[in-house]
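Peer 1: Quick one: the structure is below, questions incoming.
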Amino acid sequence: MSLDLPDPHFSLGEVIYLSFANIRRRFLRSVITALGIILGITFMAALLTNSLILGLMQAETGVEAYQFWLVGISLVVCFGGITNSMLMAVNERVKEIGVYKCIGGLDSHIIRLFIVEALFLGALGGTIGAIIGMGIGILINLNRFPIEDLTTQIASSSFTFVLMFGLCLFISLVLTALATFIPARRAANMSPAEALRYEN
Amino acid sequence: MSLEEYVVEIADVYKEYKMGKVTIPALQGISFKIYREEYVSIMGPSGSGKSTLFNVIGGLDTVTSGEIYIDQVDIAELDAYELAWLRNRKIGYIFQTFNLLLAFTAQENVETPMVFAGRPREERRKRSREILELVGLGDRLKNKPGQLSGGQQQRVAIARALANDPAIVLADEPTANLDLVTGLEIIELLRKLNEEQGTTIITATHDLKMINISDRIIWVRDGRVDRIEDRTDVQVSAIS
C-alpha cells in the first residue's frame, strides 16, 4: 500500500523554536534538571582539577593514592546524576509524546524535539558545572601550595585545563543526549493510545 | 450529501488486552460502516469498549484481528510514516481531557499539526486564526491552556482537530469533563462543523444530549454492536 506521500518536512528552525518554547514554559523544571547536570559535572571537574594540580606540583601529600578512586567515583556520581535527571524529565512527558503522535508527529520529529532540548540543557549545565568545578579544584589547593608556584604551573599547562573543560562538556552532552534518547524513543515507539494512557 | 460513499469501514474487529496472564477481550467482532458527512455517536456504558473502538478507528492503537478502512485504505497495511500522515491529515482527534500542549498558546496548539504537515509559517498563522475565530476564540489566540476554561480548552482542541481539514473528526467523550451548558455548546459546535464543513464526526460518548443531533447511534455493549439506530427511530421510541 503506497499513499504516495511527500517527504516529511520539519526544519531545524522549527525544532529549535518548539524546544525553546518547552524550556520556557517548564522553566522551573528545566532549572532543576540543569542543576542536576551542573552538580554532577561540578563534582567531576573539581576532582579532576585537584588530581591534575597534585600531579603538576608533584606533591607528597599522601592523597595521590586515592586520586584514581576519587576520579572514578566522581564519574559514577556524574553519570548517575545526569541520567537520573534526564530520565525523570522525559518520563513525566510520555503523555505529551502521545499528543504529538496523535496530531501527526513522526517518531523522528519527537525524538529530535527532545534531543535539542536535552543538548541545550547539557551544554548549559556542562559549561557552568565545569567552570564551578575547576574553580573549586583550584581553590582547595590554594592553601596547600604557594600561590606563585600554583599560577605558574597552571599557566604552563593551560592547554590541559582547556582539554579538561572540553572533556566535561563532552561528557555532559553525551550523557544528556543518551539519557534522553533512550526513554524518548521508547515512548515514541508506543502506540499513541498507550502513550496517552501512560501514568507516572 | 454523497451518501453512497463510506469513509470508515470496520469489519469483524477484535481487540484483546493482555494484563500479565489474563487476556481481556475489549472488542469482540465489531462491524459497521460510516457514510461520508455523517454524524455518528457510539454509545454504551463504561467498559463497553467505546474508547477502544475510538482508538482503533483513529489508528491510535492496533487491532488483534479484523480490518479497518479509512477512505478505502486498510490502515493495517500502513507503515509508521503513512500512519502519522493519516493522523495528521485525514483524522482530527478530540479527547475528554483535551490533551493540549500546555507549553504553547492556543494559536500555537492549533498550528502544531500544520508544522508536522510542513505548511509555511505565514499560512499557519492565518489558518490558525481563522479556525480559532470559527470556534469562537478569536480573542484568545495568545492564551495558554492554563488561562482558559474547560469549554474554551475543548474549543482549542476542536480547532486543532480541524487544522489540516480532516475528512473525519473523532471525539472521545468530548463533553464528559464539561458542565451541562458548556457541553451543549460543544455539541452544537460539532454539529455546526458537520453541517457547514461537511466533516464526518464520530463521537464515543455516554452523553444522551448527543442523541438529538446524531444521524445514527451505534449502541455498543460488551465489545459488540448491540444495535444501530437512526435518530428518527430513537425519538419515536422515546415518545412511545
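The values are calculated or read from the model by the stated rules, or taken from the named source; none is laboratory data. Remember, it's a predicted structure, so these values are computed and weren't measured experimentally. Note that we place each Cβ from the backbone using ideal geometry, even for glycine, and neighbour counts take in every protein chain shown.
Peer 1: Among the residues of region A:13-34, how many are over 16 Å from A:I97 (Cβ atoms), buried (at least 16 other Cβ atoms within 10 Å of the Cβ) and more than 9 Å from chain B (Cβ to nearest Cβ)?
Peer 2: Matching residues across region A:13-34 total 3.
Peer 1: Given (1) of a type outside the set (G, A, S); (2) farther than 15 Å from A:G104 by Cα; (3) free of Cβ contacts under 8 Å to residues at least 40 places away in the same chain; (4) facing another protein chain (nearest Cβ under 7 Å), where does B:Y81 come up short, assuming only one miss?
Peer 2: Unmet for B:Y81, out of (1) of a type outside the set (G, A, S); (2) farther than 15 Å from A:G104 by Cα; (3) free of Cβ contacts under 8 Å to residues at least 40 places away in the same chain; (4) facing another protein chain (nearest Cβ under 7 Å): (2).
Peer 1: For B:E108, are the conditions met, namely being surrounded by 19 or more Cβ atoms within 10 Å (Cβ to Cβ), acidic (D, E) and either more than 7 Å from every other protein chain (Cβ to nearest Cβ) or out of contact with any Asp or Glu (no Cβ under 7 Å at 6 or more places or on another chain) (or both)?
Peer 2: yes
Peer 1: What number goes with the only condition from (1) farther than 17 Å from A:V116 by Cα; (2) within 14 Å of chain B (Cβ to nearest Cβ) that A:M164 does not pass?
Peer 2: Every condition holds for A:M164 apart from (2).
Peer 1: Check whether at least one residue in region A:61-69 is in contact with a Lys or Arg (Cβ under 9 Å, 6 or more places away or on another chain) and at pLDDT below 85, and report yes or no.
Peer 2: Yes, region A:61-69 contains at least one residue that is in contact with a Lys or Arg (Cβ under 9 Å, 6 or more places away or on another chain) and at pLDDT below 85.
Peer 1: Counting just the residues of region B:60-78 that are touching a Lys or Arg at 6+ places or on another chain (Cβ under 9 Å), at the interface with chain A (Cβ under 8 Å from one of its Cβ atoms) and not β-branched (V, I, T), which one comes out surrounded by the fewest Cβ atoms within 10 Å (Cβ to Cβ)?
Peer 2: Taking the candidates together, the pick is B:D61.
Peer 1: Every residue in region B:116-137 that is out of contact with any helix residue (DSSP H, G or I) (no Cβ under 8 Å at 6 or more places or on another chain) and either exposed (fewer than 14 other Cβ atoms within 10 Å of the Cβ) or assigned to a helix (DSSP H, G or I) (or both), please.
Peer 2: Result: B:P120, B:R121, B:E122, B:K126, B:E130, B:E133.
Peer 1: Report yes if some residue within region A:113-129 is within 14 Å of chain B (Cβ to nearest Cβ), within 30 Å of B:A80 (Cα to Cα) and surrounded by fewer than 18 Cβ atoms within 10 Å (Cβ to Cβ); otherwise report no.
Peer 2: No, every residue in region A:113-129 fails to be within 14 Å of chain B (Cβ to nearest Cβ), within 30 Å of B:A80 (Cα to Cα) and surrounded by fewer than 18 Cβ atoms within 10 Å (Cβ to Cβ).
Peer 1: Examine region A:48-62 for a residue that is within 14 Å of chain B (Cβ to nearest Cβ) and of a type in the set (A, V, I, L, M, F, W, C), and state whether such a residue exists.
Peer 2: no
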